[in-house]
Amino acid sequence: MYGYFFTYQDALPENSGFPLFGGVHFIWIAGIAMSIFLLCKVYLRLAKNKRLQMLNAFVLLALCCTFTQDAILAVTGHMNARMLPFHLCDLATFFYLFLQMRILRTGHCDSLAEIALCLFMPGAVLGILFPVWSVYPAFHYMTIHGFIYHALIILYPWLLFVSGNVRPRTKHIWQPVLFLCCIVPPVYLFNKKFDSNYMFINYPPANTPLKVLADQIGNPGYLLGYAIFIFLLMLTLYQFFNKLTRLFQNFAQ
């Protein structure tokens, strides 16, 4: 499969992808988890200015991943309306850039960081657990990009959380809900016009919890079930981070 490093999925032989939760997948998950753990330890030992530099580097690296993927797709002739950065995790890097600029300007995080922690980060976790790029071989630029990019989307808000810069409050859940209400309608209309499936609004990807959800409730109720699933996931995460915050505070005492 080494000869297919830049081959688009439509031109790949059948069954050339890697299996979910197989050896390759587990190696990536374990490697990402270990890397995030070690980077957190390094980050917590740094002075404030060094932490900002580290955050800057990770945001810029995520942007480079996005633009590199788009450049490869353009050069190989596969850039089209279905390959634009309109998925939730693709939008995360631009949101992180905006958030990081606010942090650099004001010197502290605001409640917008909770959107990164309770919306984008869990989306990236699900992306790594159920990668839609598993149709590609283990040694393929889309596979490498997918895992590294989503790891960066997890890392940035997690660093803000473990350092105490962001402390989610359940009463702020309206912010990620409002954010989704603003971006989902235009993405839905774009999907309809160009027959794309950004944010998996039109139909669920195979081998994911969304596919299980759609199979249980049927297509007419898929969008409603999808919305409820996302809301309950965010609500659960807000409660989880609240408890984790209290645990950190008790440990510090």
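First select every other residue whose beta carbon is under 13 angstrom from the beta carbon of residue 145; then total the charges, Lys and Arg +1, Asp and Glu -1. Net charge in that neighbourhood comes out at -2. Values (1) 20.4; (2) 19.4; (3) 19.0 are given for comparison; Kirkwood radius over Cα pairs in Å, derived from the coordinates here, is the one labelled (2). For residue 82, the solvent-accessible surface with a 1.4 Å probe is about 130 Å², rounded to the nearest 10. Only protein heavy atoms count here; under a 1.4 Å probe, residue 27 has an accessible surface of about 120 Å². Straight-line cross-link reach from residue 50 at under 28 Å between alpha-carbon atoms covers these lysines, not counting any fewer than eight positions away in the same chain: 41. Relative contact order, whole percent, for the chain stands at 24, derived from Cα pairs under 8 Å and 6 or more residues apart.
Rounded to the nearest Å, what's the spacing between the alpha carbon centres of region 193-238 and region 13-78? Just the number, please. With region 193-238 and region 13-78 each reduced to a Cα centre, they are spaced 25 Å.
Helical content alone sets the calculated 222 nm signal of the chain at -22000 deg cm²/dmol, taking -39,500 (n - 2.57) per DSSP H segment of four or more residues and averaging over every residue.
Under 11 Å from a label point set 7 Å out along the Cα-to-Cβ vector of residue 178, the amide N atoms of region 77-121 belong to 112. Quick one: net charge of residue 94's neighbours, Cβ under 15 Å, K/R +1, D/E -1? Value of the local net charge: -1. Hydrophobic, long helices, defined as DSSP H runs whose alpha-carbon span along the helix axis is 15 Å or greater and whose mean Kyte-Doolittle value is at least 0.0, occur in the chain at 23-44, 48-75, 88-106, 141-162, 174-194, 222-252. If R0 equals 45 Å, the separation of the Cβ atoms of residue 56 and residue 215 corresponds to a calculated FRET efficiency of about 0.55. With both labels modelled 7 Å from their Cα along Cα-to-Cβ, the residue 102 to residue 74 distance reads 2.9 nm. Counting only protein heavy atoms and using a 1.4 Å probe, the accessible area of residue 200 comes to about 50 Å². Each peptide among 40-50, 140-150 gets the average number of other Cβ atoms lying within 10 Å of its residues, and from highest to lowest they stand as 140-150, 40-50. The overall shape of region 1-71, judged from the alpha-carbon gyration tensor, is oblate: a/c is not under 1.5, and a/b is no greater than b/c.
Ranked by the mean number of other Cβ atoms within 10 Å per residue, highest first, peptides 212-221, 115-124 order as 115-124, 212-221.
Summing charges over all other residues whose Cβ lies under 14 Å from the Cβ of residue 235, with Lys and Arg as +1 and Asp and Glu as -1, gives +2. The alpha-carbon of residue 192 sits under 21 angstrom from the alpha-carbons of these lysines, leaving out residues fewer than 8 places away in its chain: 211.
The values are calculated or read from the model by the stated rules, or taken from the named source; none is laboratory data. Model, not experiment: these values are computed from the prediction. Here Cβ is always computed from backbone atoms with ideal geometry, including for glycine, and neighbour counts include all displayed protein chains. When the accessible area is computed, the model is the full protein with side chains, heavy atoms only, and any ligands, DNA or RNA have been set aside. Shrake-Rupley method; radii C 1.70, N 1.55, O 1.52, S 1.80 Å.
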